[in-house]
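The values are calculated or read from the model by the stated rules, or taken from the named source; none is laboratory data. On a predicted model such as this, the values are computed, not experimentally measured, just so you know. Positions of Cβ are generated from backbone atoms using ideal geometry, with glycine treated the same way; all protein chains shown enter the neighbour counts.
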């Protein structure tokens with residue numbers, strides 16, 4: 001169908017990476033890491049070089065999100081998915097209610113639901129539809145997802161919860177550019193391979209005093225099994241020392257730190273949100289203009305400002321066009337989420353994806369279809 005298509009030189013993006021999986025890590029970050037030579041990589045994470053790096057990340061994120069002074073920024077190994085189990089084991093007293101709207105929010109619910117000594121309930125929204133998170137009587141933990149990576153749905157508000165209820169937000173693909181008042185949350189967590197342009201295998205949790213107290217209450221009760229690697233007390237106490245509990249990937253922390261510095265210099269959270277809004281307006285406006293395109297998420301207030309999902313008329317094969325782009329090396333990573341099974345483009349709006357490159361991408365897709 002698109003075998004004769006070739007992107008004109010003037011439309012080639014400056015970087016081909018538009019994927020919603022691992023983010024666009026600037027080549028300059030790699031060069032800066034290489035320039036550290038033998039002073040960082042291969043150093044114990046208990047030594048000043050690494051501890052200072054972790055401290056810089058913690059302070060940079062606290063500044064970026066403008067978090068309250070009594071909140072803690074805690075880092076650990078395993079990625080955000082690791083925290084699905086860690087939260088269920090160490091932060092839920094009796095019952096968690098999960099608000100789900102896609103593959104990853106449902107995965108979090110399943111993790112909680114598999115723990116035999118707590119109760120987990122699900123409030124599910126149809127894929128592609130928004131989710132409205134509320135407080136739920138009888139639940140001591142409310143779990144919601146800031147931005148559902150699989151479907152491109154984001155929440156539009158956070159509820160007020162009771163004094164004995166924790167509000168936990170999986171912010172993985174939205175943290176950094178989807179608007180959220182972190183001070184209303186008790187655990188705001190993410191892995192940095194999305195907006196924060198690092199690699200996987202690390203988690204970051206911004207925790208309120210209420211969440212820290214809950215973790216201590218459960219761990220000190222000693223009436224349930226919590227693996228040592230999932231101890232909140234170990235993670236929090238090491239975080240206060242600017243460390244992770246066990247050996248981290250130093251390069252991942254280094255890239256995260258470079259991105260946090262870049263985004264603070266850009267103007268912080270507010271400016272990052274504004275930039276994401278411009279990119280979202282471009283893509284969703286383009287989808288509205290073309291009769292062969294449509295926004296998968298119908299309600300604009302629930303359309304993600306980090307992950308855009310654009311449906312393509314069945315007359316045209318999105319996968320075939322994506323293969324053409326990949327073969328010429330112009331674009332990669334815009335496939336629909338594999339389990340969603342739609343004729344769709346899923347396009348990253350992450351901070352390092354330039355507005356002008358997104359504009360070129362829209363013109364490339366339109367040119368291939370219309371010609």
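Within the range 140-166, restricting attention to residues that are more than 17 Å from the chain's Cα centre (by Cα) and part of a strand (DSSP E or B), which residue is farthest from residue 127 (Cα to Cα)?
Here the answer is 166.
For the range 269-318, which residues satisfy the criterion of being under 18 Å from residue 180 (Cα atoms), out of contact with any helix residue (DSSP H, G or I) (no Cβ under 7 Å at 6 or more places or on another chain) and either modelled with pLDDT under 95 or assigned to a loop (DSSP other than H, G, I, E, B) (or both)?
304
Which of the residues spanning the range 319-371 are more than 16 Å from residue 21 (Cα to Cα) and assigned to a loop (DSSP other than H, G, I, E, B)?
Scanning the range 319-371 gives 329, 330, 341, 342, 343, 354, 371.
Can you find a residue that is touching a strand residue (DSSP E or B) at 6+ places or on another chain (Cβ under 8 Å), surrounded by fewer than 19 Cβ atoms within 10 Å (Cβ to Cβ) and outside any helix (DSSP H, G or I) anywhere in the range 95-106?
Looking for residues that are touching a strand residue (DSSP E or B) at 6+ places or on another chain (Cβ under 8 Å), surrounded by fewer than 19 Cβ atoms within 10 Å (Cβ to Cβ) and outside any helix (DSSP H, G or I), one finds at least one in the range 95-106, hence yes.
Could you tell me which residue of the range 205-239 is nearest to the chain's Cα centre (by Cα), considering only residues that are buried (at least 16 other Cβ atoms within 10 Å of the Cβ) and outside any helix (DSSP H, G or I)?
Ranking the candidates gives 205 first.
Looking only at the range 26-70, count every residue that is outside any helix (DSSP H, G or I) and under 20 Å from the mean Cα position of the chain (by Cα) and tell me the total.
Keep residues of the range 26-70 that are outside any helix (DSSP H, G or I), which gives 26, 36-47, 66-70.
Narrowing further to those that are under 20 Å from the mean Cα position of the chain (by Cα): 26, 66-67.
Residues meeting the conditions: 3.
From 244, 252, grab the single residue that is in the same structural domain as residue 108 (by TED's automatic domain parsing), in contact with a strand residue (DSSP E or B) (Cβ under 6 Å, 6 or more places away or on another chain) and assigned to a loop (DSSP other than H, G, I, E, B).
Values: 252 fails: assigned to a loop (DSSP other than H, G, I, E, B).
Result of the check over 244, 252: 244.
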